[in-house]
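K.L.:
This is the structure I want to talk about, given as structure tokens.
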Amino acid sequence: MRVLLAGGAGYIGAHTALALVEAGHEVIVVDNLSNSSAEAIARVERLGSTSIPLLVADARDEPAVLEFTRANAPIDAIVNFAGLKSVGESVSDPVRYYEVNLGIALSLLNVMTAAGIRTLVFSSSATVYGVPSSLPLTETAPTGASVTNPYGRTKHMIEEILRDAVVAHPALRITALRYFNPVGAHGSGHIGEDPAGIPNNLMPYVARVASGSLEHVGIFGDDYETPDGTGLRDYIHVVDLAAGHVAALERAREGFAVYNLGIGVPVSVREVVAAFERAADRTIPQQVLPRRAGDVAASYCDPSKAEHELDWAASLTIDDACRDAWNWQRQNPTGYLPTRATFV
Ligand code: NAD
Ligand code: WQD
């Protein structure tokens, strides 16, 4: 299969590119590099002993993407990782989030029509469930109504758009993968998560504290109704997540399907910090802070639908993820580029 990865230079895209190459597929990438670096693709090329055509462009530039697709024909499928993903930024700049995330999804559907591509995998998120109605979350749980931020609403809206597209064109094969909390890095230490500025997410923040570039981890609330009072999440290793995309592409069927991609094991904030302390063999300073607005106490999934229908299951643990994130952090203290402005 030859697959166009929109946003393929990003964290999850680069790991998926490598997983696809290792599974014998070919990939091409369109990315505007707004939150990534071409170096990520260069490293995937080296790890996979392959060459990956890269179009540096906005995925909403339909003529450019179509021309790139035609120049690399035949393209069998598109994976749409591209978009903006900061929850806080989406609250302060909602119009930009709707414009970019919805715009990319719509443009890629137009490219599919123009190029005769029938298969699409979309990066959705556990955030579409909003405040969980019950746990663990299955794919039939309600979505949309209790989502607390514009970023999450873009994911929910795009799922609805994709559902409508399949109603109109039943030969399409569209899959939305609802990721839980992706963490970790490739075992080689050559590709990993490289957030610009101060990380918003727990694992990259903890990694920077472990390396000494940030002072302490702020724990956002220890008074939740959870075993140790801190938030529970379903942390999925990015290598397992990448394998989930390969499975979704290889088993794509006509219609619209959604799958949870998680481990199904709830892990607390304190447990993440403790796992990282073991991986890095050092104490990680921590301090309890007030709850973060919009956070839920617990979010974890029942991954059995993906296990049964995609023949996929996560196998890596939070300890594996911390080991690999630490290995990546140590080998690449400034990320993909030689310098990084940590405080912006
Ligand atoms: P990322 O920011 O590392 O990757 C997104 C990529 O899209 C980046 O390379 C960026 O440069 C590119 N991009 C952004 N706007 C673009 C545009 N207009 N045109 C072309 N390229 C553009 O993020 P990620 O963590 O790899 O996430 C990938 C996808 O998965 C995103 O859609 C995100 O919303 C979704 N997701 C991520 C998480 C997570 O915690 N990382 C969880 C659930 C869902
Ligand atoms: C995990 C836990 C925090 C940072 C977000 C998005 C979600 C999805 C994945 C894209 C929570 C706590 C965090 C810190 C902390 N992204 N925490 N101190 O919020 O579950 O999900 O990323 O789709 O949409 O909302 O992930 O890593 O930010 O937080 O205590 O410095 O760690 O309160 O309990 P979250 P996270």
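The values are calculated or read from the model by the stated rules, or taken from the named source; none is laboratory data. This is a predicted model, so every value here is computed, not measured. Note: ideal-geometry Cβ built from the backbone for every residue, glycine included; neighbour counts use all protein chains shown. When the accessible area is computed, the model is the full protein with side chains, heavy atoms only, and any ligands, DNA or RNA have been set aside. Shrake-Rupley method; radii C 1.70, N 1.55, O 1.52, S 1.80 Å.
K.L.:
If you go through the stretch 118-129 one residue at a time, do you hit one that is small (Gly, Ala, Ser), free of Cβ contacts under 8 Å to residues at least 24 places away in the same chain and either open to solvent by 10 Å² or more (accessible area, probe 1.4 Å) or assigned to a strand (DSSP E or B) (or both)?
P.N.:
No; the residues of the stretch 118-129 include none that is small (Gly, Ala, Ser), free of Cβ contacts under 8 Å to residues at least 24 places away in the same chain and either open to solvent by 10 Å² or more (accessible area, probe 1.4 Å) or assigned to a strand (DSSP E or B) (or both).
K.L.:
Okay, moving on. Identify all residues within the stretch 35-52 that are within 16 Å of ligand 2 (Cβ to nearest atom) and either surrounded by fewer than 17 Cβ atoms within 10 Å (Cβ to Cβ) or in a helix (DSSP H, G or I) (or both); write none if there are none.
P.N.:
Within the stretch 35-52, no residue meets the criteria.
K.L.:
Identify the single condition in (1) surrounded by fewer than 19 Cβ atoms within 10 Å (Cβ to Cβ); (2) within 17 Å of ALA243 (Cβ to Cβ) that THR175 does not satisfy, given that it satisfies every other one.
P.N.:
For THR175, the exception is condition (1).
K.L.:
Go through the residues of the stretch 25-34 one by one and say whether even a single one is modelled with pLDDT of 95 or more and either aromatic (Phe, Trp, Tyr) or touching a His at 6+ places or on another chain (Cβ under 7 Å) (or both).
P.N.:
Within the stretch 25-34, not a single residue is modelled with pLDDT of 95 or more and either aromatic (Phe, Trp, Tyr) or touching a His at 6+ places or on another chain (Cβ under 7 Å) (or both).
K.L.:
Out of (1) surrounded by fewer than 23 Cβ atoms within 10 Å (Cβ to Cβ); (2) farther than 23 Å from SER86 by Cα; (3) free of Cβ contacts under 8 Å to residues at least 60 places away in the same chain, what's the single condition that is false for GLU250?
P.N.:
GLU250 satisfies all of (1) surrounded by fewer than 23 Cβ atoms within 10 Å (Cβ to Cβ); (2) farther than 23 Å from SER86 by Cα; (3) free of Cβ contacts under 8 Å to residues at least 60 places away in the same chain except (3).
K.L.:
Would you point out the residue of the stretch 70-94, among those that are in a helix (DSSP H, G or I) and more than 12 Å from ligand 2 (Cβ to nearest atom), that is least open to solvent (accessible area, probe 1.4 Å)?
P.N.:
Applying the filter and picking the extreme gives PRO94.
K.L.:
Looking at the stretch 1-21, which of its residues are assigned to a loop (DSSP other than H, G, I, E, B) and either surrounded by fewer than 24 Cβ atoms within 10 Å (Cβ to Cβ) or within 15 Å of ligand 2 (Cβ to nearest atom) (or both)?
P.N.:
Matches in the stretch 1-21: MET1, GLY7, GLY10.
K.L.:
Given the structure, is GLU307 open to solvent by 80 Å² or more (accessible area, probe 1.4 Å) and out of contact with any Gly (no Cβ under 7 Å at 6 or more places or on another chain)?
P.N.:
no
K.L.:
Answer yes or no as to whether VAL209 is closer than 22 Å to ARG292 by Cα, within 16 Å of ligand 1 (Cβ to nearest atom) and of a type in the set (A, V, I, L, M).
P.N.:
When the stated conditions are applied, VAL209 does not pass them.
K.L.:
Give me the residue from the stretch 159-201 that is within 21 Å of GLN331 (Cβ to Cβ) and touching a Gly at 6+ places or on another chain (Cβ under 9 Å) and, out of that set, farthest from ligand 2 (Cβ to nearest atom).
P.N.:
Selected residue: HIS186.
A quick yes/no check of all residues on (1) part of a strand (DSSP E or B); (2) under 13 Å from the mean Cα position of the chain (by Cα); (3) not aliphatic (A, V, I, L, M):
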site	(1), (2), (3)
HIS156	no, no, yes
ARG163	no, no, yes
VAL166	no, no, no
PRO170	no, no, yes
ARG178	yes, yes, yes
PRO182	yes, yes, yes
ALA185	no, yes, no
ILE191	no, no, no
ILE198	no, no, no
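K.L.:
Restricting attention to the stretch 275-287, which residues are of a type outside the set (Phe, Trp, Tyr) and surrounded by 15 or more Cβ atoms within 10 Å (Cβ to Cβ)?
P.N.:
ALA275, GLU277, ALA279, ALA280, ILE284, GLN286
K.L.:
While we're looking at this one, here's another question. What single numbered condition from (1) more than 19 Å from ASN332 (Cα to Cα); (2) surrounded by 19 or more Cβ atoms within 10 Å (Cβ to Cβ); (3) under 22 Å from the mean Cα position of the chain (by Cα) fails to hold for VAL56?
P.N.:
The single condition VAL56 does not satisfy is (2).
K.L.:
Can you name the number of the only condition in (1) buried (at least 17 other Cβ atoms within 10 Å of the Cβ); (2) at negative phi; (3) within 16 Å of ligand 2 (Cβ to nearest atom) that LEU109 fails?
P.N.:
Among (1) buried (at least 17 other Cβ atoms within 10 Å of the Cβ); (2) at negative phi; (3) within 16 Å of ligand 2 (Cβ to nearest atom), the lone unmet condition for LEU109 is (3).
K.L.:
Across the stretch 208-261, what is the total count of residues that are over 17 Å from THR16 (Cβ atoms), within 14 Å of the chain's Cα centre (by Cα) and assigned to a helix (DSSP H, G or I)?
P.N.:
Looking only at that region, the number is 0.
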